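Report on one structure; see the data block that follows.
The values are calculated or read from the model by the stated rules, or taken from the named source; none is laboratory data. Bear in mind the structure is a predicted one, so any value in this text is a computation, not a measurement. Please note: Cβ atoms are built from the backbone with ideal geometry, for glycine as well, and neighbour counts cover all protein chains shown.
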Amino acid sequence: MAEKKASMILSMVIFGSIGVFVRLIPMSSAAVACFRGICGALFILVYMKIKGSGLRSAPLAGNMKLLVISGAAIGFNWILLFEAYRYTSVAVATLCYYMQPVFVILLSPLVTGERLTVPRMVCVACSLAGMALITGIGPGSLPGAGETRGIVFGLMAAMLYASVIFLNKFLRDISELQMTFFQLLYAGLAVMPYALLRGSVFTSEMSAVSWTMLAALGIIHTGIAYTLYFGSMKTLDAQTTALFSYIDPVCAIFFSYFLLGEPIGGRSLIGAVLILFPTMIAEIAASKKGGKAKEQI
């Protein structure tokens, strides 16, 4: 059990450092997303072959349409998130991204028929207040044009993230690794035309460090991190998984400050607590009722 917890924590720390690596890759967000998806899919395919599980064709017939749609959503979700990193701080982009539970709560009555309870509305209110604090929205204080663009991209990425969560609820009889392989593959393939339309994929600015960062994003941040995450999910209970998933944004804020030198004021820290703490409590409460921990994308 301790080994699985360590694997889960390590995967969250890896996910939390994605923004730092993306900042060091002078490629378009679409090209980075394309490489990440295909490289991650190939890594998971090799891992499944080594484990002897392989790809089973039986579950695919009824799930293929959802896998294609959700994979495409993941690919464009990454593009939006990577663009958010470029226009605002990694910390702010990550916290905007973690507004995903708010979108899930608000859309659940329409998509899954779940009731909008008072505790859930309190969670939404706290998150919105936190978002107002970290983005600087308030009387006499509005973010600049570039910052606003980053915030919008982050929130749009969160909306796509929420759509994938809903789509995954309708997948049937397919393992987590097999689902992830196809979603990563379709994510890379879906954004490939857009990446090519943007012009040259590999720029002359790519240095040895940039290539190393790109390889790490595909192999470590996608292949290895997803393998660790889903491998530990099978053993850990949903409450532990939900709790550990918030190591990701905390690490992103930490790396943003100490590695990139991006300032984090007291107002932003209060906003982060208002966004992350209520949603964490809501997810743990849901897991007690038998809910499944959210998928990591």
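For this structure, a couple of remarks:
- The range 12-47, residues that are of a type in the set (A, V, I, L, M) and in contact with a Gly (Cβ under 7 Å, 6 or more places away or on another chain): A33, I38, A41, I44
- Hey, I9 farther than 27 Å from A238 by Cβ, surrounded by fewer than 16 Cβ atoms within 10 Å (Cβ to Cβ) and of a type in the set (A, V, I, L, M, F, W, C) or not: no
- Screening I74 on (1) within 15 Å of the chain's Cα centre (by Cα); (2) of a type outside the set (G, A, S); (3) surrounded by fewer than 19 Cβ atoms within 10 Å (Cβ to Cβ) shows it passes everything except condition (3).
- Of all residues in the range 23-59 being over 16 Å from G188 (Cα atoms) and surrounded by 14 or more Cβ atoms within 10 Å (Cβ to Cβ), the one that is modelled with the lowest pLDDT: P59
- Restricting the range 89-118 to residues that are under 15 Å from I275 (Cβ atoms) and polar (S, T, N, Q) leaves a set whose member that is surrounded by the most Cβ atoms within 10 Å (Cβ to Cβ) is T94.
- Qualifying residue in the range 176-198 (condition: among the small types (G, A, S), farther than 28 Å from V92 by Cα and more than 15 Å from the chain's Cα centre (by Cα)): no
- Enumeration of residues in the range 65-79 that are touching a residue at least 12 places away in the same chain (Cβ under 8 Å) and over 16 Å from G188 (Cβ atoms): L66
- Within the range 81-116, being at pLDDT 90 or above and of a type in the set (K, R) holds for one residue alone: R86.
- With a requirement of 1 or more residues that are within 24 Å of M213 (Cα to Cα) and among the β-branched types (V, I, T), the helices (runs of 4 or more DSSP H) lying completely within the range 1-114 that satisfy it span 2-16, 18-23, 29-51, 60-87, 90-97.
- The conditions of being out of contact with any helix residue (DSSP H, G or I) (no Cβ under 8 Å at 6 or more places or on another chain), closer than 22 Å to V164 by Cα and not aliphatic (A, V, I, L, M) are not met by K51.
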